[in-house]
1. Would you check if there is a residue in region 208-220 being of a type in the set (Phe, Trp, Tyr), open to solvent by less than 70 Å² (accessible area, probe 1.4 Å), without any contact (Cβ under 8 Å) to a residue 40 or more places away in the chain and in contact with a helix residue (DSSP H, G or I) (Cβ under 6 Å, 6 or more places away or on another chain)?
2. Condition first: open to solvent by 80 Å² or more (accessible area, probe 1.4 Å) and over 14 Å from residue 358 (Cβ atoms). Now tell me which residues in region 290-306 satisfy that.
3. Could you list, in sequence order, the residues of region 145-194 that are more than 39 Å from the chain's Cα centre (by Cα) and of a type in the set (Asp, Glu)?
4. Scanning region 351-364 for residues that are open to solvent by 20 Å² or more (accessible area, probe 1.4 Å) and more than 20 Å from the chain's Cα centre (by Cα), which turns out farthest from residue 261 (Cα to Cα)?
5. If only one of 173, 205 is at pLDDT 80 or above and in contact with a Ser or Thr (Cβ under 6 Å, 6 or more places away or on another chain), which one is it?
6. Yes or no: residue 312 part of a helix (DSSP H, G or I), open to solvent by less than 60 Å² (accessible area, probe 1.4 Å) and of a type in the set (Val, Ile, Thr)?
7. From 299, 310, 291, which residue is free of Cβ contacts under 8 Å to residues at least 40 places away in the same chain and not β-branched (Val, Ile, Thr)?
Amino acid sequence: MLKKIPLRIRFTIIASLFLLISCVTLTLLSNVSAGSMMEAVAVIPAMGEDAVPAIPLEPARTLNEQYYRIFQQETGFATAVIVLAGSIATYFAAGYVLKPIRLLSSEVQKRNVGNLDEPIAIPQSADEIRQLTLSFNQMMSDLQRSFLLQKEFSANAAHELRTPLTVMRAKLDVFALEGDGNPEIRELITALDQQLERLSSLIEDLLWFSRDLPLENTEPVPLYPLLCDIAEELSSLSSEKGIEIQIEQTDDYVLGQDRLLERVFYNLLENAVKYSAPDTQVSVAIEKKEDTVQVQVADQGEGIPEAYRDAVFEPFFRVDKSRSRAVGGSGLGLAVCKRILERHHARICVLPNQPIGSIFQITFPA
Ligand code: ADP
């Protein structure tokens with residue numbers, strides 16, 4: 001049960017219990033010893049042969065008993081005061097002793113994947129906290145190095161894959177021109193073309209994901225024209241499924257890089273169309289609030305189960321692997337969106353749509 005209470009309170013309770021046990025034992029012992037001394041003081045004067053007690057035996061005993069009761073009360077009171085004062089002093093002392101741990105814990109809480117390269121200041125002391133801080137900093141720097149290596153690896157791999165892919169596409173185009181008349185070859189070329197298209201979009205996503213592009217040259221990006229352009233780009237996919245993309249007309253804009261924001265909305269609208277049943281609707285609503293601009297992309301697709309609503313933003317996560325592969329997904333689209341939005345200090349989350357479907361909600365700072 002003690003394990004559930006904060007360290008400071010735990011320390012205070014344990015120290016107070018020790019203090020209580022020691023003080024009560026000491027008080028009991030002194031009371032017992034005072035009791036036997038009281039008997040001796042009353043009896044000794046009466047035992048001398050010639051001695052005439054100043055006070056007769058019985059009145060002396062009554063007087064002693066009175067003093068003894070006063071003594072008991074006083075020691076009891078002193079015990080209570082000492083235990084109380086000791087507990088309060090322990091509480092403050094524990095706070096003082098545990099302060100470095102509190103500071104370290106608040107510094108650790110501030111660390112995330114974005115600031116692993118900022119080490120925690122090493123305390124001047126030569127105690128366990130200093131050792132703990134050194135070990136934590138070492139762990140962060142190892143993590144940072146491994147993150148960088150991973151990123152570099154995927155960026156290089158994606159980059160290296162781009163060139164052969166471009167060559168393959170060019171050769172396929174030439175081949176398509178030559179074998180245009182043969183239906184079997186045409187079918188083969190279409191299948192190859194689709195797979196090459198998938199591969200290049202996966203490579204593009206990988207590149208986007210691994211590049212740490214600084215957010216420079218930000219400018220006001222008007223949302224309505226941007227969204228209309230994307231809807232236009234997706235029109236062949238959406239009209240194939242009989243899906244209508246509705247965009248609320250607005251003058252609102254957000255500060256950012258239009259190329260990056262285009263990527264975000266393209267991914268979201270493409271997903272909305274991809275994961276929706278034919279003849280449904282996809283709508284985009286934009287709302288300017290006091291200090292935020294909120295964009296909601298809503299669809300009437302199958303929706304995302306509650307348990308996966310955070311995981312869909314992880315790289316390569318798919319709710320239904322076979323369905324995602326069938327629609328040509330790489331599993332990186334939403335992870336890329338989240339990354340780009342983080343650089344814009346914006347948040348993204350997914351909510352259930354009523355009665356069916358999902359709403360991807362982005363909140364930009366105004
Ligand atoms: P993918 O390339 O597979 O679409 P994303 O990162 O874009 O990868 O999406 C991750 C997963 O989230 C998808 O595989 C899909 O299962 C789910 N998902 C994304 N958008 C939607 C949506 N609008 N409706 C239902 N499921 C979605």
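1. As a first pass, look at region 208-220 and keep what is of a type in the set (Phe, Trp, Tyr): 208-209.
Filter again for open to solvent by less than 70 Å² (accessible area, probe 1.4 Å), leaving 208-209.
Now restrict to residues that are without any contact (Cβ under 8 Å) to a residue 40 or more places away in the chain: none.
The answer is no; no qualifying residue exists.
2. Selection gives 290, 291.
3. 173, 178, 180, 184, 187, 193
4. First, pick out the residues of region 351-364 that are open to solvent by 20 Å² or more (accessible area, probe 1.4 Å): 351-356, 359, 361.
Retained after the next criterion (residues that are more than 20 Å from the chain's Cα centre (by Cα)): 352-356, 359.
On the way: 352: 23, 353: 23, 354: 27, 355: 29, 356: 27, 359: 18 Å.
Ranking the candidates gives 355 first.
5. Residue meeting the stated conditions: 205.
6. Details: part of a helix (DSSP H, G or I): yes; open to solvent by less than 60 Å² (accessible area, probe 1.4 Å): yes; of a type in the set (Val, Ile, Thr): yes.
In short, yes.
7. Numbers: 299 fails: free of Cβ contacts under 8 Å to residues at least 40 places away in the same chain; 291 fails: free of Cβ contacts under 8 Å to residues at least 40 places away in the same chain.
Residue meeting the stated conditions: 310.
A quick yes/no check of all residues on (1) outside any helix (DSSP H, G or I); (2) surrounded by 13 or more Cβ atoms within 10 Å (Cβ to Cβ); (3) among the small types (Gly, Ala, Ser); (4) outside the structural domain of residue 28 (by TED's automatic domain parsing):
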residue: 83; (1), (2), (3), (4): no, yes, no, no
residue: 88; (1), (2), (3), (4): no, no, no, no
residue: 92; (1), (2), (3), (4): no, no, no, no
residue: 100; (1), (2), (3), (4): no, yes, no, no
residue: 105; (1), (2), (3), (4): no, no, yes, no
residue: 133; (1), (2), (3), (4): no, yes, no, yes
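The values are calculated or read from the model by the stated rules, or taken from the named source; none is laboratory data. These numbers come from a predicted model, not from an experiment. When we count neighbours, we look across all protein chains shown, and the Cβ atoms used for this are built from the backbone with ideal geometry, even at glycine. Quick note on the areas: whole protein, heavy atoms, side chains included, nothing else; ligands and nucleic acids left out. Shrake-Rupley method; radii C 1.70, N 1.55, O 1.52, S 1.80 Å.
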